[in-house]
Amino acid sequence: MKITRRNFVKLAGIAGLVGITGVLTGCGNKTTTTQIQQNTAEAERIPPESKAKVYFSKKIDAEHLIKLYEKINAEITGRVAIKVHTGEPNGPNILPPAMVQKFQATIPDSAIIETNTLYEGARSTTKKHRKTLKTNGWTFCDVDIIDEEGDTPFPVSKGFHLSEVAVGSHLPKYDSIVVLSHFKGHAMGGFGGALKNIAMGCASAPKGKRQVHGIEDTGNWISGATFMEYLADSGKAICDYFGNQIVFINVLQRLSVDCDCAGTGAAAPKLPDLGILASTDILAVEQASVDMIYNFSDDRKKFLVERIESRSGLRQLTAMAEHKMGTTNYELITVD
């Protein structure tokens with residue numbers, strides 16, 4: 001099958017149906033709503049000094065984005081990459097470029113980084129990608145398409161499936177990375193947050209993305225819980241490379257069940273905007289984001305919860321925990 005964006009989304013939908021019928025059981029680490037609630041109760045008994053700090057604001061604007069970043073940026077130095085999903089042309093749910101512009105302006109020697117897509121479409125080549133960047137308003141600073149000149153291997157230490165992943169060759173030029181993610185659903189991942197943003201978003205096209213999708217290992221598109229393990233492998237390589245010089249911000253806005261790669265075809269959000277979360281711990285910020293969805297007060301969450309669970313998306317969290325990439329035990333600290 002020719003890999004176009006339409007066929008890419010179609011494959012993801014088929015993968016989701018397989019997940020619903022239970023054919024793909026993964027590694028026996030299925031996490032349910034009940035387990036999420038039990039984990040939350042257990043975390044509440046842990047003293048604050050033993051927890052990761054996750055900073056939160058209900059207000060989604062540049063002022064509060066900057067305030068949260070200032071709580072976590074002590075180790076961010078040198079040349080700084082800001083990893084953002086810049087979206088398909090005219091995507092309705094992407095992070096507002098005007099907000100990101102004000103944020104980026106406060107970070108010296110910074111640039112937005114992106115990679116080309118595996119599927120054919122408006123971002124599959126650097127030339128087309130740059131046109132899309134202009135269409136979507138990402139013109140206020142340098143945007144480094146880090147795989148424009150090829151890729152370089154990053155080792156994966158004790159990966160579930162990968163021993164290395166090909167990332168854009170420009171990535172090692174940066175000393176630090178700020179992972180600024182639009183948290184939302186995803187057709188293959190169940191949800192897309194910080195892990196998806198770096199694991200797939202820094203992987204080169206086509207080589208790295210083929211690795212993360214499992215194509216180079218199996219010849220097939222991997223889905224379900226196993227795909228989450230590939231994401232965790234790739235994300236671990238990037239987190240290990242940057243060490244303490246990587247931070248994570250999830251913006252829970254325009255909470256569609258679809259990723260920004262769905263472009264104008266993305267489903268309209270059912271949930272209201274929930275806020276911004278920031279941490280130096282990738283697992284803690286992802287767990288806090290998922291908890292906000294699951295703990296939402298009414299059944300408007302059901303569409304996103306179904307998307308997450310039908311794709312075995314919660315395996316992202318347990319896979320990161322097994323990789324010792326962070327902790328699910330966090331203290332939520334509100335910043336006004």
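The values are calculated or read from the model by the stated rules, or taken from the named source; none is laboratory data. No experiment lies behind these values; they were computed from the predicted model shown. With ideal geometry, Cβ positions are generated from the backbone for all residues, glycine too; neighbour counts draw on all protein chains shown.
In the range 55-76, what residues are in contact with a strand residue (DSSP E or B) (Cβ under 6 Å, 6 or more places away or on another chain) and surrounded by fewer than 16 Cβ atoms within 10 Å (Cβ to Cβ)?
Once the filter is applied, which keeps residues that are in contact with a strand residue (DSSP E or B) (Cβ under 6 Å, 6 or more places away or on another chain) and surrounded by fewer than 16 Cβ atoms within 10 Å (Cβ to Cβ), the range 55-76 yields only Lys58.
Report the residue count in the range 234-253 for those that are within 17 Å of Glu286 (Cα to Cα) and touching a helix residue (DSSP H, G or I) at 6+ places or on another chain (Cβ under 9 Å).
Of all residues in the range 234-253, those within 17 Å of Glu286 (Cα to Cα) come to 234-236, 238-239, 246-253.
After this cut, where a residue has to be touching a helix residue (DSSP H, G or I) at 6+ places or on another chain (Cβ under 9 Å) as well, the list is 234-236, 238-239, 246-252.
The total comes to 12.
Gln316 is checked against (1) assigned to a loop (DSSP other than H, G, I, E, B); (2) in contact (Cβ under 8 Å) with a residue 12 or more places away in the chain; (3) polar (S, T, N, Q) and fails just one. What number does that condition carry?
Gln316 satisfies every listed condition except (1).
Since Ala98 meets every condition but one in (1) closer than 27 Å to Lys67 by Cα; (2) small (Gly, Ala, Ser); (3) under 20 Å from the mean Cα position of the chain (by Cα), which condition does it not meet?
Unmet condition: (3).
For the range 127-158, which positions are assigned to a loop (DSSP other than H, G, I, E, B), within 30 Å of Ala321 (Cβ to Cβ) and of a type in the set (A, V, I, L, M, F, W, C)? Quick ask: steps written out before the conclusion?
At the first step, the residues of the range 127-158 found to be assigned to a loop (DSSP other than H, G, I, E, B) are 137-142, 146-150, 156-158.
Then drop every residue that is not within 30 Å of Ala321 (Cβ to Cβ), which leaves 146-147, 156-158.
Selection gives Ile146, Val156.
So which residues in the range 303-328 are under 20 Å from Cys239 (Cα atoms), more than 16 Å from the chain's Cα centre (by Cα) and buried (at least 20 other Cβ atoms within 10 Å of the Cβ), if there are any at all?
Within the range 303-328, His323, Thr328 qualify.
Take the range 270-290 and flag every residue that is under 18 Å from Lys59 (Cα atoms) and of a type outside the set (A, V, I, L, M).
Pro272, Asp273, Gly275, Ser279, Ser289
Got at least one residue in the range 288-298 being aliphatic (A, V, I, L, M) and under 14 Å from Ala232 (Cα atoms)?
Checked against the condition, which is being aliphatic (A, V, I, L, M) and under 14 Å from Ala232 (Cα atoms), the range 288-298 yields no hits at all.
Any chance the range 159-171 includes a residue that's surrounded by fewer than 24 Cβ atoms within 10 Å (Cβ to Cβ), touching a Pro at 6+ places or on another chain (Cβ under 6 Å) and of a type in the set (D, E, K, R)?
yes
In the range 103-134, what residues are surrounded by fewer than 16 Cβ atoms within 10 Å (Cβ to Cβ) and more than 20 Å from Cys202 (Cα to Cα)?
Within the range 103-134, Ala105, Thr106, Pro108, Lys134 qualify.
Identify, please: which residue in the range 304-313 is in contact (Cβ under 8 Å) with a residue 60 or more places away in the chain and in a helix (DSSP H, G or I) and is, among those, farthest from Phe248 (Cα to Cα)? Talk me through it step by step, then tell me what you get.
Narrowing the range 304-313 to residues in contact (Cβ under 8 Å) with a residue 60 or more places away in the chain: 304-305, 307-313.
Those left that are additionally in a helix (DSSP H, G or I): 304-305, 307-310.
Values: Leu304: 22, Val305: 22, Arg307: 23, Ile308: 20, Glu309: 23, Ser310: 26 Å.
Of everything passing the filter in the range 304-313, Ser310 is farthest from Phe248 (Cα to Cα).
Of everything in the range 269-278 that's of a type in the set (A, V, I, L, M) and touching a residue at least 60 places away in the same chain (Cβ under 8 Å), which residue is surrounded by the fewest Cβ atoms within 10 Å (Cβ to Cβ)?
That would be Leu274.
Matching residues to (1) under 13 Å from His186 (Cα atoms); (2) buried (at least 17 other Cβ atoms within 10 Å of the Cβ); (3) free of Cβ contacts under 8 Å to residues at least 24 places away in the same chain:
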site	(1), (2), (3)
Thr218	no, no, yes
Asp233	no, yes, no
Asn244	no, no, no
Ile249	no, yes, no
Val257	yes, yes, no
Cys261	yes, yes, no
Thr280	no, yes, no
Val285	no, yes, no
Lys301	no, yes, no
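When the range 125-159 is examined, which residues are found to be closer than 23 Å to Glu216 by Cβ and either aliphatic (A, V, I, L, M) or under 19 Å from the mean Cα position of the chain (by Cα) (or both)?
Listed by number, the residues that qualify are Ile145, Ile146, Asp147, Phe154, Val156, Gly159.
Name the helices (runs of 4 or more DSSP H) wholly within the range 12-126 that hold at least 3 residues that are at pLDDT 95 or above?
Result: 62-72, 97-104.
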